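Have a look at the structure below before the remarks.
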Amino acid sequence: MQAIKFTLSGKTAFFKKPDVNVNTYFTYNNIHKIALLGLLGALTGLGGHIQQSRTIYEDAKEVDYPEFYLSLRDLKISIVPKGKNGYFAKKVQVFNNSVGYASKEKGGNLVVREQWLENPEWDIYILDDVSIDNIVFHRLKDSLLNNKCKFVPYLGKNDHPAIISNCQVVEVSKTINIEHIDSLFSINGVTVGKYSYDDISMPFFFKEISPLTLSKKYNFYEFEELCFTNMEIEKVLDADSFYKHDDKILFFY
């Protein structure tokens, strides 16, 4: 089976956590699936949340999801963090927002504090398994392979331009021999051992509650616990989502 592979990177990134908004806005460590689908939708010209809102309020038409999510939500993707142990350095940036509608504070100036990722980089795999409309998939494939985009892709916010490089079509194959996992993966149904699988590296285990889907009524995030580790995998209850590329074992979700 084929998959599209590319490297996604940037100088900075900000994937806002919706549950903390006092004094400082915090970011997820890795790009999550909703943000990635939004970026892919930007490449192909699919509408986002703004276009969805305009349709609802200007045309008085019910729209359950933004166009990019409706078209791409069944896409199977795999994310391989390139940071050390899957972790990226973060720094809080402080800046002023002084547009007239920014704040009701005296002077109309809003002091914004955001936690930004520094030099994030991931290898992204997109499975070609006819999970989405064939025309949409081939438009996406053409955009990636030929450096095309309808809207400028960014990493969570338009302050953070995305760099897409090393795009290629690769062969992947299903595997049931899962002794290690080289991408982010859902912890559900996976038993992780105590030692690194190569018996040389220091073991590490990173996990994060990450947005995976959108709710229908309000488009709130729905979450999944995703992990990244070099520790041996003792047991996997369902290997259907695992594929192999070269010597890497990838989890697609």
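Just so you know, all these numbers are worked out from the coordinates, no wet-lab data involved. Values in this document were obtained by computation on a predicted structure and should not be read as measured data. Please note: Cβ atoms are built from the backbone with ideal geometry, for glycine as well, and neighbour counts cover all protein chains shown.
Of note:
- Of ASN97, ASN158, ASN219, the one that fluctuates the most in a GNM where the chain has Cα springs shorter than 10 Å: ASN97
- Stretchable slack from ASP19 to LYS235, in nm (0.36 nm times residue separation minus alpha-carbon distance): 74.4 nm
- Among PHE242, PHE206, PHE137, residue whose mean-square fluctuation peaks in a GNM of the chain (springs only between Cα atoms under 10 Å): PHE206
- Multiplying the residue separation of LYS174 and ILE135 by 0.36 nm and subtracting their alpha-carbon distance yields 11.6 nm.
- Restriction of the GluC sites (Glu not before Pro) in the range 122-218 to DSSP coil positions whose beta-carbon has at most 15 other beta-carbons within 10 angstrom yields GLU179.
- To the nearest ten degrees, helix 33-44 and the longest principal axis of the Cα atoms of the chain are 70 degrees apart.
- Degrees between helix 49-58 axis and first principal axis of the chain (Cα, 0 to 90, nearest 10): 40 degrees
- Estimated distance in nm for a label pair at ILE200 and LYS82, the labels positioned 7 Å out from Cα along Cα-to-Cβ: 2.2 nm
- Among LEU237, LEU155, LEU43, the residue with the largest mean-square fluctuation in a Gaussian network model of the chain, with springs joining Cα atoms closer than 10 Å, is LEU237.
- For SER210, the amide hydrogen comes within under 5 Å of the amide hydrogens of GLU224, GLU225, LEU226, counting only partners 5 or more places away or on other chains and with H modelled in the peptide plane.
- Helical content alone sets the calculated 222 nm signal of the chain at -4500 deg cm²/dmol, taking -39,500 (n - 2.57) per DSSP H segment of four or more residues and averaging over every residue.
- The fewest-to-most ranking of TYR87, TYR25 by surrounding Cβ atoms within 10 Å reads TYR87, TYR25.
- Fewest-first ordering of LEU110, LEU8 by other beta carbons within 10 Å of each residue's beta carbon gives LEU110, LEU8.
- Exposure proxy ranking, count of Cβ atoms within 10 Å, fewest first, for PHE204, PHE15: PHE204, PHE15
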